[in-house]
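The values are calculated or read from the model by the stated rules, or taken from the named source; none is laboratory data. Source: prediction; values computed, not measured. Note that each Cβ is placed from the backbone with ideal geometry, even for glycine, and that neighbours are counted across all protein chains shown.
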Amino acid sequence: MEREMVKKEVERILDAPRVGIMSTAYGNKPHSRYVTFYNDGRNLYTEVTAESVDTDEIRDNNLSYIILGYDEEADSSYVEMLARTEVVMDQPTVDWLWDQQEHHDIEELESQVMVVLKFIPKEIKLMNANDEIDVPEVLDFAG
């Protein structure tokens, strides 16, 4: 698959908010969780409760692995992304993410401390995009 076609398929998958799997490693143990990802055209973002992700976990190992767009019934393309992860606290980013969300649960917001995570791609693998099973199309990013 040509690089431009790979980029377009990746963009299509990342375009809409999607539930996916975010995995990290902390204390030599894997941690995986389902989260909803939002895309700003380059990076992914999610809002999680401070209790669900320890900022020490991100500080000690800021790499995350994300699986997004998989649909077993449709046998569609999906992405696997290795990303550098940052805890974001700046108000414009928090406001942007708030505006992207379809529902606003004020009670949840008031009762829990929420954290925004930013995922900066290092490598994106487009899976199921060609005729060869488990042979990804890979996009590498500097950094």
Note down all Cβ pairs under 6 Å where the first residue falls in the range 2-17 and is among the acidic types (D, E) and in a helix (DSSP H, G or I), the second is surrounded by 12 or more Cβ atoms within 10 Å (Cβ to Cβ) and at pLDDT 90 or above, and they're at least six residues apart or on different chains. E9/L126
Every residue from the range 19-43 that is in a strand (DSSP E or B) and polar (S, T, N, Q): S23, T24, S32, T36, N39
For the range 19-36, which positions are of a type in the set (S, T, Y) and exposed (fewer than 15 other Cβ atoms within 10 Å of the Cβ)? S23, S32, Y34
Residues satisfying the stated conditions in the range 37-58, i.e. surrounded by 12 or more Cβ atoms within 10 Å (Cβ to Cβ) and of a type in the set (K, R): none
